[in-house]
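Coordinate-derived values only; no laboratory data. Since the model is a prediction, treat every value here as computed from it, not as a measurement. Every residue, glycine as well, gets a Cβ built from its backbone with ideal geometry; the counts of neighbours run over all protein chains shown.
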Amino acid sequence: MKSRALRIYLFAALLAVVLFGNSVVFARDGEHESTSYTGERLLLPFSNPLKGFDPNLMAWHSSTKLLMMGEDWLYEKSGFSGSKKGRFSQLLLSAYFNYATSYYSHEIAHQFLNRSHHTFWVDMTDWFPHWVPEFIFSEGYSGFWNDEELERFIDSQRSDLDITSRLILTYEAGLYQENFNARFAATTSSLKNRTEVNKAMSFMLNRFSDFPYLLFARNETIKEVESVGYIWYDDNDITGYVALMEDLGVQISSDDWMVSSGLAFFASGQTWNAARALYQYFISGDGSVENISFNVSDRLSISPPNFYLFATVRGLYLETECFIHSAGSGKAVRIDIGTGLDSFGLNQTGPVDWLRFGGEYYSFQIGIPYSSLRFSPFCYLNFDRELRH
C-alpha cells in the first residue's frame, strides 16, 4: 500500500487513544514520560520521517510506543504477564515489534538524500526475507542525482570526495539512524536513572543491529545490475562502504569493523542495564531496574560509558558518552568524547583525525504557568589531533 507517513502515524495515534485510553502530548521534539511501565505519554510526529534523522527518530519512537502500549494492554487484560511463559511470549512479541520499527526506520534513512520522492511503499504481500512487509524504495536512482552528478559518477570518478561523501551517507544512514534511536532510548533511561523493559528492548534491537549485519553480510559478493540505462553496483551497507573507501585509497577491514562493533556493544553500560531489565521482568515481572552507577561523592554519581560506532568518510569513528547525576535534584550532565578507531592503534579502520568533546545539561525549567517547558543547553567542540579547532 502507498500512503504518506504523516497520515499513517496520526491515524495510528488516534486509534491507540481510542482503544487504550492513554494520554497524548503534541510535541515537535523532546520527551516527557511518566516513570510507570504502562500509561506513558505519547508523542505524535509532525514531520515526514524521510526529511532527516530527527523526524525519523520521532516516527520510530511514536510507532514503537504505540505498539508497546497495545502489547502492554493486551497482556495486562489477558493476565498472561502473571506467568513466566506469558512474560517470555511478551518479550518475544516486543522483540518482533521493535525489530519491525527499527527495520523501517533503517530503510527510511537510506532515502534522506533522495530529492524528488517523499513517499514510500510497503508491500503487504511480500514478507521475506525480513519477516515484515517489505519496504520499497522510490524508483531508481534518479532522485539522488542531478544530470551533472550522475555523469560524473558514471564516468568512474568515484574518488570525487563530494560524491563519495553523499554515497557513504546514503549507504550508512540506516546504521546511523539505529545508533541514533538507541542513543535516544539510552538517554531517556539515563535521565530517569531507571531502565524500563520496553526501552531496554528498543535499545538492544537498535544498538545491536550492525553486529549481525557485519557478521552475515560483510563478505557478500558485489554484483552489477542495470537500472535507468546504466550499470550499477548491487551491494549492501557493509560491502558498499568498504568499496567506496577503497576508491578513496583507504583500506577498511570488515572483520575489524565487526569485532569493534561487538566490543562497543558489550562494553556499553546501557547494554547491561537493558539486559538486567529484560531478565528481571522475565523472572519476577518487575517493569524496570535501577541503572548501574558509581558514587563519586555524597552528591554525585557517574554512569558507565556507552559506545557508538559510525562509518564515516574518513573511517570508523567511535563516540562514547557517560552521565553525571546530582543526587536528589534530578539534574544530569552528559559528557561526550569521540575519535577514530585508529587512535587506539587499530589498523585498517581509516585515518580519522577528529577529536570531539562536548556535553549537554539536563535541564532548566521555564517558569510558564501550566507548562512543563524545559531546555537543555549543549556544546560540542571539534578538533583535529593537533587540537586545532
Express in nm, to one decimal, how much length is gained between Asp256 and Ala275 on full extension, taking 0.36 nm for each residue of separation and deducting their alpha carbon distance.
-> 4.3 nm
Kindly write out, for the range 276-291 in residue order, the coupling ³J(HN,Hα) from the Karplus curve 6.51 cos²θ - 1.76 cosθ + 1.60 (θ = phi - 60°), rounded to whole Hz, with x marking Gly and Pro.
-> 5, 5, 5, 5, 5, 5, 4, 6, 10, x, 5, x, 7, 10, 6, 5
State the extension gain, in nm to one decimal, for the chain segment bounded by Glu224 and Tyr361, taking 0.36 nm per residue of separation less the distance between their alpha-carbons.
-> 44.4 nm
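Using only Cα atoms, what Kirkwood radius does the range 155-284 have, in angstroms?
Final number for the Kirkwood radius of the range 155-284 is 16.7 Å.
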Can you run phi through the Karplus equation (6.51, -1.76, 1.60; θ = phi - 60°) for the range 167-175 and list ³J(HN,Hα) in whole Hz, with x for Gly and Pro?
-> 5, 5, 4, 4, 5, 9, 4, x, 5
Local charge sum around Ala217 (other residues, Cβ-Cβ under 12 Å, Lys/Arg +1, Asp/Glu -1)?
-> -3
Rank the residues Arg388, Arg374, Arg218 as a footprinting-exposure proxy: fewest other Cβ atoms within 10 Å of their Cβ go first.
-> Arg388, Arg374, Arg218
Where in the range 268-288 does the amide nitrogen come within less than 18 Å of the point 7 Å from the Cα of Lys85, taken along Cα to Cβ?
-> 282-285
Distance in Å, no decimals, from the C-alpha centre of the range 52-79 to the one of the range 318-376 is 26
Amide H of Gly340: which non-local residues (sequence gap of 5 or more, or other chain) have their own amide H closer than 5 Å, using H built in the peptide plane?
-> Leu318, Trp354
Per-residue HN-Hα couplings for the range 349-354 [Karplus 6.51, -1.76, 1.60; θ = phi - 60°; Hz; x = Gly/Pro] | 10, x, x, 6, 9, 7
